[in-house]
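Visitor: Could you have a look at this structure, given as structure tokens, before my questions?
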Amino acid sequence: MCEGEEEEVIIAVAELLGFVTFAAARSKDWAGKILFYVGDNTNVVGWLNTRRSGNRYVRFLLRVLVRLEGEYHFQTISEYIRTEHNEFADQLTRTALKEAYALLASKGLTLVDLMPEWKNRLERDRKG
């Protein structure tokens with residue numbers, strides 16, 4: 001794997017981690033729904049659609065997601081969108097944190113604290 005490829009995979013793993021963490025926090029609200037994950041990262045879109053990866057960290061995250069989907073009866077479908085059509089998300093990743101908060105607020109969006117539910121989920125899964 002070349003240096004650039006490795007960096008792309010690391011970014012993709014971080015994006016998938018963000019989605020799965022969000023799913024852990026929101027899965028109760030998603031019961032019975034079909035979710036559409038729209039992103040500009042072909043790795044993440046592919047992993048979500050096939051539920052397969054050669055990366056062990058991705059496989060772990062996909063297992064967590066499948067378990068959440070089964071437990072809370074929701075389904076995730078992913079679709080690719082070109083970056084040029086995804087300006088808002090692209091802008092969020094390239095701006096300072098303070099500016100990102102302002103940008104979110106300008107769109108009527110708020111941050112969701114994912115840590116409490118993620119910790120709870122990991123603790124429950126650890127205990128079996």
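Visitor: Return a yes/no flag: does the range 29-43 have any residue that is among the charged types (D, E, K, R), within 15 Å of residue 81 (Cα to Cα), buried (at least 16 other Cβ atoms within 10 Å of the Cβ) and touching a Phe, Trp or Tyr at 6+ places or on another chain (Cβ under 9 Å).
Guide: For the range 29-43, residues among the charged types (D, E, K, R), within 15 Å of residue 81 (Cα to Cα), buried (at least 16 other Cβ atoms within 10 Å of the Cβ) and touching a Phe, Trp or Tyr at 6+ places or on another chain (Cβ under 9 Å): present.
Visitor: Going through the range 35-60 one residue at a time, which ones are of a type outside the set (S, T, N, Q) and more than 15 Å from the chain's Cα centre (by Cα)?
Guide: Result: 52, 54, 56.
Visitor: Now a separate question. Just to be sure, is residue 21 within 11 Å of the chain's Cα centre (by Cα), at pLDDT below 95 and surrounded by 12 or more Cβ atoms within 10 Å (Cβ to Cβ)?
Guide: Yes: the conditions hold for residue 21.
Visitor: Another question about this same structure. Looking at the range 32-52, which of its residues are modelled with pLDDT under 95 and either of a type in the set (Lys, Arg) or not in a helix (DSSP H, G or I) (or both)?
Guide: 35, 36, 37, 38, 39, 40, 41
Visitor: With (1) open to solvent by 90 Å² or more (accessible area, probe 1.4 Å); (2) at pLDDT 90 or above as the list, and residue 15 as the residue in question, which single condition is left unmet?
Guide: The number of the failed condition is (1).
Visitor: Moving on to the next point. Among the residues that make up the range 76-95, is at least one of them among the basic types (Lys, Arg) and modelled with pLDDT of 90 or more?
Guide: So far as the range 76-95 goes, no, none of its residues is among the basic types (Lys, Arg) and modelled with pLDDT of 90 or more.
Visitor: Look at the range 76-121 and say how many of its residues are assigned to a loop (DSSP other than H, G, I, E, B), among the aliphatic types (A, V, I, L, M) and within 22 Å of residue 26 (Cβ to Cβ).
Guide: Here the count works out to 5.
Visitor: When the range 53-75 is examined, which residues are found to be outside any helix (DSSP H, G or I) and without any contact (Cβ under 8 Å) to a residue 12 or more places away in the chain?
Guide: Those that are outside any helix (DSSP H, G or I) and without any contact (Cβ under 8 Å) to a residue 12 or more places away in the chain: 53, 54.
Visitor: Name the residue that is surrounded by the fewest Cβ atoms within 10 Å (Cβ to Cβ), counting only residues in the range 61-107 that are of a type in the set (D, E, K, R) and within 14 Å of the chain's Cα centre (by Cα).
Guide: Across the range 61-107, the extreme among qualifying residues is 79.
The values are calculated or read from the model by the stated rules, or taken from the named source; none is laboratory data. Note that the coordinates shown come from a computational prediction; the quantities given were computed from them, not determined experimentally. Glycine gets a Cβ as well: all are built from the backbone with ideal geometry, and neighbour counts include every protein chain shown. Calculation scope for accessible area: heavy atoms of the full protein, side chains included, ligands and nucleic acids excluded. Shrake-Rupley method; radii C 1.70, N 1.55, O 1.52, S 1.80 Å.
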